[in-house]
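Only one structure is covered here, and it is reproduced in the block below.
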Amino acid sequence: MKRTSWSSGLSVTADGVGVISHAGAIAPRLLADQVGLAAELSGAMARREFIPIHDRGRVLIDVAVMLADGGEAISDIGVLRHQSEALGPVASAPTVWRTLDEVTAGKRKKIQVARARTRRHVWSHLPGGVPASACAGRDLGSTIVLDVDATIVVTHSEKEHAAPTYKRTFGYHPIGVWCDNTEEFLAASLRPGNAGSNTAADHIDVLGQA
């Protein structure tokens, strides 16, 4: 992949000169560019006769980076905006909201395809191929193992779709899928707190996404 304009000339030193906070946010952003994910998401979010100031694929990448950096709200994108000398222009919170509002059901499908194509590209470059998963001390060989799990996420206010949980708390009961071989997060379904742990339809849906 070609280096993008924001990372051109970027270097990392440990001499204490020109120090910036949240420097770790640069690595996943650069990785997304290098493996082609940013370009794939840009194509997935493209709209005919619409050229945004902030590329929508880049905005989605920056939201993911913001979350990985510890962000908890859309307004936390401001942390990346403060690093403009290293990252270049970063979308504002209102632009992030508009971008997320553009993610229709059709766009979600395209985003899933974009992620899958990027994953296929990355896996094809893994030395020795995809790592084997292990179960009870046994190597499962080339089998790809999907780990499905649901967990309670507690909220402290009446957020959208939040509900009482079976643990007598209040919040959400999302279900997620991870690839055991590579420890990658693949898909998730955000469910209300009163959703069941063993609801077959929810398992089928999220496994289908994965």
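The values are calculated or read from the model by the stated rules, or taken from the named source; none is laboratory data. Please read these numbers as outputs of a predicted model, since none were measured by experiment. Using ideal geometry, Cβ is built from the backbone for each residue, glycine included, and neighbour counts are taken over all protein chains shown. Ligands, DNA and RNA are stripped out before the accessible areas are found, and what is left, the full protein with its side chains, is counted by its heavy atoms. Shrake-Rupley method; radii C 1.70, N 1.55, O 1.52, S 1.80 Å.
On the chain, 56 percent of the accessible area sits on carbon and sulfur atoms, based on a 1.4 Å probe. Segment L190..K109, full-extension length gain: 27.5 nm, with 0.36 nm per residue of separation and the alpha-carbon distance subtracted. For the chain, taking the reciprocal of the average inverse distance between every pair of different Cα atoms yields a Kirkwood hydrodynamic radius of 19.5 Å. Accessible surface ranking for I51, I26, 1.4 angstrom probe, highest first: I51, I26.
Hey, got a sec? Which GluC sites (Glu not before Pro) in region 108-210 land in a DSSP loop and have at most 13 other Cβ atoms within 10 Å? Those that pass, being in a loop and sparsely packed, are E158, E160, E183.
Rounded to the nearest 10 degrees, the inclination of helix 56-68 to the longest alpha-carbon principal axis of the chain is 70 degrees. Rolling a 1.4 Å probe across the protein heavy atoms gives the chain an accessible surface of 63 Å² per residue. Have a look at V90, V35, V153 and tell me which one the Gaussian network model of the chain (Cα, springs below 10 Å) gives the largest fluctuation. Between V90, V35, V153, it is V153 that shows the largest mean-square fluctuation. Counting only residues at least eight positions apart within a chain, or on another chain, the aspartates and glutamates with an alpha carbon under 14 Å from that of K107 are E40.
Considering only protein heavy atoms, what is the solvent-accessible area of K107 at a probe of 1.4 Å, reported in Å² to the nearest 10? Surface open to solvent at K107 totals about 30 Å². The angle separating the long axis of helix 200-209 from the principal Cα axis of greatest extent in the chain is about 30 degrees.
Over all other residues within a Cβ to Cβ distance under 15 Å of P131, the charged ones net out to -3, with Lys and Arg as +1 and Asp and Glu as -1.
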